[in-house]
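Working notes for the structure below.
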Amino acid sequence: MSKEIRLKTPIKTEDIIDLQAGDRILLSGIIYTARDTAHKRIVASMEKGETLPFELQGAVVYYAGPAPAPPGKPIGSIGPTTSYRMDAYAPKLIENGLKMMIGKGSRNQAVKDAIIEHQAVYCAAWGGAGALLASRVVSADCIAYEELGPEAVYQLEVKDFPVMVVNDIYGHDAYEQQGGDR
Amino acid sequence: MRSIQYTQIVEALAKACIKANIIASCDLLEAYQDSIDNDSQNGAKAILKDLLLNAEVAKENNMPICQDTGTAVVFLELGQEIQVEGGYLVDAINEGVRQGYRDGYLRKSIVSHPLERKNTGDNTPAVIHTEIVPGDSFRITVAPKGGGSENMSRLSMLTPAVGWEGFKSFLINAIREAGPNPCPPVVVGACLGGNFESCALEAKKCLLRPIGERNSDPEIAAYEEELLEEINKLNIGPQGFGGDTTAFDVHLSFLPCHIACLPAAINLNCHVARHQSFCL
Ligand code: SF4
């Protein structure tokens, strides 16, 4: 049976062990946005041994590029982007301590294997629900690659940010369990 | 001749870009509600309720429904007796997009070069399709188009021998392979016939029809119903987690084509199906 869980960042291995595909999570704490180009740069920095924009250990990365903040709001609409474009980079980040990824759509086998091997989790947020998700963001700061505009890295403080577990450490996939004929 | 000022076009288009991205149309709101009422799976209903809530929050907070406020695709139905004064029409369209995306706090998602990928910073250039029509009317439609669903769209030059069944399996396969990526429930625009470019354009134009409106040709309308039923049996469901609501609707067109050809195009739209029209 899927359950609803409240989690706080940073994410610990004990948190991950509890999670099963289909579980709904309300996440609170600090998460970081990163899309294609930010991933490319982060992995390049790792290879050169440079300091990264944020600490990877226990981190949550959200595949998202927000709309600009309207007056009086911390951020504009901020729903997930399609995750498969980050598949090439994700295993490297997971090996180095990344604990949770949030996006939409299926991952490749290499990412699923890394999730199992290094005890991480992949979650989905609802694609196209950017306004609703923005209402769960308390504050936002651009912390790296500002010149990339929506593709920059933002540090977000979130409260009760709703996601669902897709790939757990037990090899389950919520898209396969519930998606039926695909 | 009837004259229209450059500035009129800029102002009206800027407003339309903002409205299209922030206010969900009535047909879309009805589609959310109908599927909440009718989907047989509870998980699907729960997701659809969140999507409807999202549209309400967007309106309340004056914020785009989805952060991907898209490529600004602009359709012009320009009366041949219209004269634009004060500047070039294409500049007016791009200026309208620039102002709308700036003033509406919409996301700028266009890069100037496909490989270097530097953001243009103002969401221009728009993609503009112009049709010259009789008389002195001027109708403009802006249809912001997100990348996730655009990426799952397909064009194929089928062999005439494959016929309707061949087209149907091409379409169903494309939707099955797209799975959760185009943010289902999707709206499907499809065209069979025409040539390479007219087929793709017609599929896109199909997305401008309101959800629930059938093709005026009863034969094509019946085909639309057949496709919608098949698609909703795939059990992809809202966000790809299962359910009876994989598509809100299918809009199909047929076009005349060459004796050797059977082009087929599918343009997928996500549940954030946006378009705003106005006349000047
Ligand atoms: S596919 Fe549509 S709903 Fe999904 S992220 Fe893109 S624009 Fe938004």
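A few points about this structure:
- Taking the listed residues B:179, B:146, B:163, the one that is within 16 Å of the ligand (Cβ to nearest atom) and more than 25 Å from residue B:23 (Cβ to Cβ) is B:179, with no other qualifying.
- Checking each residue of region A:167-182 against the condition of being crowded, with 23+ Cβ neighbours inside 10 Å and either basic (Lys, Arg) or touching a Leu at 6+ places or on another chain (Cβ under 7 Å) (or both) gives at least one match.
- Scanning region A:110-143 for residues that are in a helix (DSSP H, G or I) and closer than 21 Å to residue B:272 by Cα returns A:130, A:131, A:132, A:133, A:134.
- Residues in region A:130-150 that are within 16 Å of the ligand (Cβ to nearest atom) and either in contact with a helix residue (DSSP H, G or I) (Cβ under 9 Å, 6 or more places away or on another chain) or without any contact (Cβ under 8 Å) to a residue 60 or more places away in the chain (or both): A:130, A:131, A:132, A:133, A:134.
- Restricting A:77, A:83 to residues that are within 12 Å of another protein chain (Cβ to nearest Cβ) and touching a Cys at 6+ places or on another chain (Cβ under 7 Å) narrows the list to A:77.
- Residue A:59 being touching a helix residue (DSSP H, G or I) at 6+ places or on another chain (Cβ under 9 Å) and either within 13 Å of the ligand (Cβ to nearest atom) or farther than 20 Å from residue B:152 by Cα (or both): yes
- Failed condition for residue B:190, given (1) over 17 Å from residue B:145 (Cβ atoms); (2) more than 16 Å from the ligand (Cβ to nearest atom); (3) touching a strand residue (DSSP E or B) at 6+ places or on another chain (Cβ under 9 Å): (1)
- Total residues in region A:128-143 satisfying the condition of being buried (at least 19 other Cβ atoms within 10 Å of the Cβ) and either among the hydrophobic types (A, V, I, L, M, F, W, C) or more than 12 Å from chain B (Cβ to nearest Cβ) (or both): the figure is 7.
- Exactly one residue out of B:85, B:77 is away from the ligand (no atom under 16 Å from the Cβ) and within 24 Å of the chain's Cα centre (by Cα): that is B:77.
- Of all positions in region B:171-186, at least one carries a residue that is within 14 Å of another protein chain (Cβ to nearest Cβ), part of a helix (DSSP H, G or I) and free of Cβ contacts under 8 Å to residues at least 12 places away in the same chain.
- In region B:112-135, residue nearest to residue A:72 (Cα to Cα) [restricted to those that are within 14 Å of another protein chain (Cβ to nearest Cβ) and surrounded by fewer than 15 Cβ atoms within 10 Å (Cβ to Cβ)]: B:121
- Single unsatisfied condition, residue B:13 versus (1) touching a residue at least 40 places away in the same chain (Cβ under 8 Å); (2) farther than 30 Å from residue A:22 by Cβ; (3) touching a Ser or Thr at 6+ places or on another chain (Cβ under 6 Å); (4) not β-branched (Val, Ile, Thr): (3)
- Taking the numbered list (1) at pLDDT 95 or above; (2) within 14 Å of chain A (Cβ to nearest Cβ); (3) under 14 Å from the mean Cα position of the chain (by Cα) in turn, residue B:148 passes all entries but (1).
- Residues that are more than 11 Å from chain B (Cβ to nearest Cβ), on the phi > 0 side of the Ramachandran plot and not small (Gly, Ala, Ser) do not occur anywhere in region A:50-66.
The values are calculated or read from the model by the stated rules, or taken from the named source; none is laboratory data. Note that the structure is predicted; figures quoted are calculated from it, not measured. Note: ideal-geometry Cβ built from the backbone for every residue, glycine included; neighbour counts use all protein chains shown.
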